[in-house]
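**Student:** Structure in structure tokens, see below.
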């Protein structure tokens with residue numbers, strides 16, 4: 001059994017769950033190739049429980065995600081076949097120090113805003129090209145949604161129809177909800193699409209769970225809250241329309257051919273949203289902090305609810321762009337890199 005591969009990443013209520021989620025997807029794909037994986041995690045205890053519950057050894061950092069000394073020490077102890085690093089806090093200097101520890105480093109990136117002195121870069125942003133990394137010199141670039149790191153079930157072809165009348169709307173903001181937006185979002189969509197059922201996803205790091213439950217009770221039986229659901233793909237396939245945050249969930253929605261109204265929750269989601277909207281996979285309603293967000297969300301969901309042809313076009317564009325097999329492709333590249341380094 002080759003390995004292990006060491007994942008160094010970050011997840012918390014403030015940062016969100018996206019980094020850890022895509023690392024877990026890659027780790028699962030590597031495990032299918034008989035490559036062992038371990039995690040060095042900066043984050044909440046809840047995140048560590050999810051990683052451990054997925055079957056991977058998880059060590060919590062003592063000094064935070066930006067402490068290269070701790071990561072280097074773990075590399076020296078474990079002598080991994082490769083290191084996968086995923087966090088916005090990892091600077092060029094940090095990644096250089098990981099590389100100098102003597103194992104090949106793979107950086108999972110979204111921003112292309114700094115030099116990445118690593119062996120391989122994975123950036124699945126729509127429209128990303130090699131020119132964004134001309135100032136750095138990784139040995140290999142894995143770019144675009146072909147390499148989106150999704151759970152294996154998202155590779156299955158979705159069975160999707162487009163009814164004239166929308167019956168179910170999925171509301172999801174990712175792993176956390178630092179702006180406490182979900183209760184308001186529930187209220188807006190319930191008021192705009194009055195007969196519609198709402199499937200509301202409360203992420204594992206949501207702080208506003210009690211407010212979400214209370215809002216669901218106020219809306220009545222047509223609002224159902226799903227707390228840390230096991231089958232996100234099933235919820236997506238059951239939805240005629242989704243309203244989502246602008247993070248990693250967008251790739252899952254595209255893979256399930258789910259028409260989507262998106263909201264930007266953080267500046268680092270901008271490139272995702274620009275790329276997906278340009279590809280006509282979604283419609284971008286606005287930003288979480290905008291004072292007129294309610295009006296924008298209601299306008300977008302009302303328009304899409306009345307237009308099955310636009311929903312069908314969005315769905316086809318999404319599935320064409322994201323086939324759900326990216327984790328397997330990246331796992332093959334990591335296994336190849338690790339095998340070469342071991343020879």
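**Student:** Using only Cα atoms, find the angle between the long axis of helix 209-219 and the longest principal axis of the chain, and express it within 0 to 90 degrees, rounded to the nearest 10.
**Tutor:** 20 degrees
**Student:** Where the centroid of each part is defined by its Cα atoms, how far is region 8-63 from region 131-189 in Å?
**Tutor:** Using only Cα atoms, the two centres lie 19 Å from each other.
**Student:** Could you order the peptides 117-123, 247-253 from most to least packed, using the average number of other C-beta atoms within 10 Å per residue?
**Tutor:** Highest mean packing first, the order is 247-253, 117-123.
**Student:** Still on this structure: Mind checking the angle between helix 293-305 and the chain's longest principal axis? C-alpha axes, 0 to 90 degrees, to the nearest 10.
**Tutor:** Once rounded, the angle reads 80 degrees.
**Student:** Right, here's the next one. Could you work out the Kirkwood radius for the chain, taking every pair of different alpha carbons, averaging 1/r and inverting it, reported in Å?
**Tutor:** 20.4 Å is the Kirkwood radius here.
**Student:** Going highest first, how would you order 209-216, 85-92, 22-29 by mean Cβ packing within 10 Å?
**Tutor:** Highest mean packing first, the order is 22-29, 85-92, 209-216.
**Student:** If you count the DSSP beta bridges with both ends in region 1-59, what percent of them are antiparallel, to the nearest 5?
**Tutor:** So the antiparallel bridges amount to about 10 percent of the total.
**Student:** GNM, the chain, Cα, under 10 Å: largest mean-square fluctuation among 104, 178, 195?
**Tutor:** Maximum fluctuation in the GNM of the chain, among the listed residues, is at 195.
**Student:** So what's the projected area for region 212-341, the Cα convex hull averaged over all directions, in nm²?
**Tutor:** Over every viewing direction, the Cα hull of region 212-341 projects on average to 10.2 nm².
Where a number appears in this text, it was derived from the coordinates with a stated rule and is not lab data. Here the structure is a predicted model, which means the values were calculated and not measured. Positions of Cβ are generated from backbone atoms using ideal geometry, with glycine treated the same way; all protein chains shown enter the neighbour counts.
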